[in-house]
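The values are calculated or read from the model by the stated rules, or taken from the named source; none is laboratory data. Computed from a predicted model, the values in this text were never measured in an experiment. Positions of Cβ are backbone-derived with ideal geometry, glycine not excepted, and every protein chain shown enters the neighbour counts.
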Amino acid sequence: MKPKMMGSTTAADIMTSPVLTVMTSDALETVARLFTQKAIGAAAVISESGKPVGVITKTDLVRYGTDVWGKQRLPFITEGDTAERWMTPAVLSVAPSATACAMAQRMVRYHMHHMFVKGPGPDEVVGIVSSLDLLRAYIADCGDEVPGDIL
């Protein structure tokens, strides 16, 4: 079966579902353990009322571990730090029918590597698409040829 062309690939085609979530009150240790155990780089952050309020990523943990000049702050994680303190408080989302091209354009515009896929409910998230998912969809059109050597 020939793969879909990148322009017709949708969020529903390439999303990961279900989305792994953490609560706003979850300790950073819990978040880090989830990332390691599930081999993921992002999770939706859910409020106590069940509403998605942000995303926490490996990048968030690294970014907040350094100041604006790139020098490490010590200690940069304090006892009791939670997902809410470290998350990016934005829920960038698209409909399941959004094209891969539209998702890539939004990720670039907003400098984000993950996008949630909306469900039918007002606060429902049914999937997540990463920049790596978009690359996988893109290379599906390239065939098996891998130029160059691995050093």
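Results for (1) assigned to a helix (DSSP H, G or I); (2) over 17 Å from Val19 (Cα atoms); (3) at pLDDT 85 or above, shown as yes or no for each residue.
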position: Val62; (1), (2), (3): yes, yes, no
position: Val68; (1), (2), (3): no, yes, no
position: Ile128; (1), (2), (3): no, no, yes
position: Asp149; (1), (2), (3): no, yes, no
Next item on the list: Could you list all residues from segment 84-101 that are over 12 Å from the mean Cα position of the chain (by Cα), surrounded by fewer than 16 Cβ atoms within 10 Å (Cβ to Cβ) and modelled with pLDDT under 95?
Entry: Arg85, Pro89, Cys101
Item checked: Filtered residue count, segment 44-60, keeping only those that are under 20 Å from Ser130 (Cα atoms) and either assigned to a helix (DSSP H, G or I) or touching a residue at least 40 places away in the same chain (Cβ under 8 Å) (or both) -> 8
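This table checks each residue for (1) surrounded by 15 or more Cβ atoms within 10 Å (Cβ to Cβ); (2) modelled with pLDDT of 90 or more; (3) in a helix (DSSP H, G or I); (4) not aromatic (Phe, Trp, Tyr).
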site	(1), (2), (3), (4)
Ala104	yes, yes, yes, yes
Met115	yes, yes, no, yes
Gly121	no, no, no, yes
Leu134	yes, yes, yes, yes
Ala137	yes, no, yes, yes
Glu145	no, no, no, yes
